[in-house]
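The values are calculated or read from the model by the stated rules, or taken from the named source; none is laboratory data. Bear in mind that the values here come from a model prediction, so they are computed numbers and not experimental data. Here the Cβ positions follow ideal geometry from the backbone for every residue, glycine too, while neighbour counts run over all protein chains shown.
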Amino acid sequence: MLNKLKPKSEFSRNVLTLMTGTSIAQAIPIAISPILTRIYTPEDFGMFALYMSIASILAAVATGRYELAIMLPKKDEDAINIVVLSIGISFIISIFCFLIIYIFNSNISSLFKNSEISTWLYFIPFTIMLTGIYQSLNFWHNRSKNYKNLSKARIMQSSTTATTNLTMGPLIIGPIGLVLGNILGQIISVFYLTKKIFLPNNKYLWRNISFSKIITLAKRYKKFPQFDAMATLFNISSHQSAHIFFNISFGAISSGYYYLVQKIFGLPILLIASSIQDVFKEKMIEIYNSKGDTRSFFIITFRKLFLLALIPTILIYFFAIDIFIFFFGDEWKPAGEFVQILIPAFFLRFISFPLSFMFYIAEKQHYNIIGQFLLLIMILFAFLIGKDYSSTFTIELISIFTSIFYLIYLYLSYQFTSRGLK
């Protein structure tokens, strides 16, 4: 009976493996959120959101986006050199960011109109470095189809973060428990993935690492830093800048509401979609390199994503406010209203995110950079208009603009597929 319930295709089994790990990893912070909202104030969440927004925007380009190229070479010897290249760039960027923060700390704090962020700025370079290493190792294990390792790493990171959040919150006032929890979680996951990459059967790979190969491969895949780095910077900025502008335009409380919405609904949706993308891109690259029918596989994946998201989307739309009131208290009702407004964008993002990897497979990064820039402009435009009205009206504009963006990306991703050789 159990064997009959197991997915038959390799693609479905790999998706299930990653989704299981991701689901568990996301269930942990969601489960403790009702406790955290009673330990930390909305202002604490707002401060943490500001910190993570700055770190996420900078970390988006910390590797030059070379980690995406780890999946592409046919030889593992080339891929491992790209891993070293990606990690090396993240170290350089982290050191540079630390120097900038050290020199211009007060100016940066004034820019964000928040003097309390001054101390936490010094932790940002460390977060950037850890993110760069994690992303590089993540793509290597993805390439090697070590999906169990990726699932375990995500669970370990989430568990460590949650434990730190819960234990430090009652002891020290402020967002320190949230910040350190994030950093310790990253350290644990990076250590685990690094340990797994140094297996005996990988020893031959390290002998093939050379500076000349790294330079050659950096030139071969130069489109990633040239086009995708900027596109990713625009993409991350369009999402993370919302936390920054909520903090500036509507105060820490509204920022805390928006952060909780992204944590409870937005982030889990994105991470589950990322797990599907991890498997989708491996299979799609295989089909693409063999000049197979990428369009048929695209359509099959689209249908699965649509059906997977449909029922949860409907339920969340009708019960979002009740969920927030029940679990977090009456004061969190505005966060539930935010979810109802953003649900169309969440739905389309879940579907489009895995499929948009066609931009990279077809090497159409120049389309991506234009699209991400336009999305950032639309988000900034939403705040420019909405700041004179209300946070709710701003959320409505964000939902409309991002929904249009994801629909366009779905169409373009489909156009980048092919029927294969006849």
Please state which one of A55, A49 is at pLDDT 90 or above and either more than 28 Å from S254 (Cβ to Cβ) or crowded, with 16+ Cβ neighbours inside 10 Å (or both).
-> A55
Do any residues in the stretch 360-379 that are under 15 Å from T417 (Cα atoms) and touching a residue at least 40 places away in the same chain (Cβ under 8 Å) have Cβ atoms under 8 Å from those of residues that are among the charged types (D, E, K, R) and buried (at least 21 other Cβ atoms within 10 Å of the Cβ), where the two are at least six apart or on different chains, and which pairs are they?
-> Y360/D228; Y360/K281; I361/K281; Q365/D228
Sole exception among (1) touching a Leu at 6+ places or on another chain (Cβ under 7 Å); (2) crowded, with 19+ Cβ neighbours inside 10 Å for I187, by number = (2)
Does any residue in the stretch 153-181 that is on the phi > 0 side of the Ramachandran plot come within less than 8 Å, Cβ to Cβ, of a residue that is outside any loop (DSSP other than H, G, I, E, B) six or more places away or on a different chain, and which pairs are these?
-> G174/D44; G174/M47
Given (1) under 30 Å from L217 (Cα atoms); (2) surrounded by fewer than 22 Cβ atoms within 10 Å (Cβ to Cβ); (3) not basic (K, R), number of the condition Y66 does not satisfy = (2)
Give the residue, chosen from L50, L72, L58, L36, that is touching a residue at least 60 places away in the same chain (Cβ under 8 Å), touching a Cys at 6+ places or on another chain (Cβ under 7 Å) and not assigned by TED's automatic domain parsing to the domain that holds Q372.
-> L58
Determine if the stretch 282-292 includes at least one residue that is under 22 Å from A59 (Cβ atoms), modelled with pLDDT of 75 or more and in contact with a Phe, Trp or Tyr (Cβ under 9 Å, 6 or more places away or on another chain).
-> no
Got a number for residues in the stretch 379-415 being closer than 15 Å to L348 by Cα and modelled with pLDDT under 90?
-> 2
Go over the candidates L178, L184, L270, L193 one by one and state the one that is aliphatic (A, V, I, L, M) and more than 23 Å from F45 (Cβ to Cβ).
-> L193
Within the bounds of the stretch 130-143, is there any residue that is more than 17 Å from I188 (Cα to Cα), free of Cβ contacts under 8 Å to residues at least 40 places away in the same chain and over 15 Å from the mean Cα position of the chain (by Cα)?
-> no
Residue ID - modelled with the highest pLDDT, chosen from residues in the stretch 163-180 that are crowded, with 20+ Cβ neighbours inside 10 Å and in a loop (DSSP other than H, G, I, E, B) = P175
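Listed here are the residues, each with its yes/no results for (1) at pLDDT 90 or above; (2) in a helix (DSSP H, G or I); (3) of a type outside the set (A, V, I, L, M, F, W, C); (4) more than 30 Å from G256 (Cβ to Cβ).
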{"residue": "L68", "(1), (2), (3), (4)": "no, yes, no, yes"}
{"residue": "P73", "(1), (2), (3), (4)": "no, no, yes, yes"}
{"residue": "E77", "(1), (2), (3), (4)": "no, yes, yes, yes"}
{"residue": "F91", "(1), (2), (3), (4)": "yes, yes, no, yes"}
{"residue": "I95", "(1), (2), (3), (4)": "yes, yes, no, yes"}
Meets criteria (of a type in the set (K, R) and more than 19 Å from the chain's Cα centre (by Cα)) for R65 = no
Could you tell me whether N202 is polar (S, T, N, Q) and either at pLDDT 85 or above or over 19 Å from the mean Cα position of the chain (by Cα) (or both)?
-> yes
Considering each of L307, L348, L315 in turn, give the residue that is surrounded by 20 or more Cβ atoms within 10 Å (Cβ to Cβ) and either aliphatic (A, V, I, L, M) or farther than 23 Å from F139 by Cα (or both).
-> L348
Would the stretch 380-394 turn up any residue that is in a helix (DSSP H, G or I) and within 19 Å of the chain's Cα centre (by Cα)?
-> no
Criterion: within 24 Å of G64 (Cα to Cα), of a type in the set (V, I, T) and surrounded by fewer than 22 Cβ atoms within 10 Å (Cβ to Cβ) - qualifying residue of T131, T160 | T131
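Matching residues to (1) out of contact with any Ser or Thr (no Cβ under 8 Å at 6 or more places or on another chain); (2) over 30 Å from M71 (Cβ atoms); (3) of a type outside the set (A, V, I, L, M):
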| residue | (1), (2), (3) |
| --- | --- |
| F327 | no, yes, yes |
| P334 | no, yes, yes |
| A345 | no, no, no |
| I369 | yes, no, no |
| D388 | yes, yes, yes |
| S391 | no, yes, yes |
| L397 | yes, yes, no |
| Y406 | no, no, yes |
| Y414 | yes, no, yes |
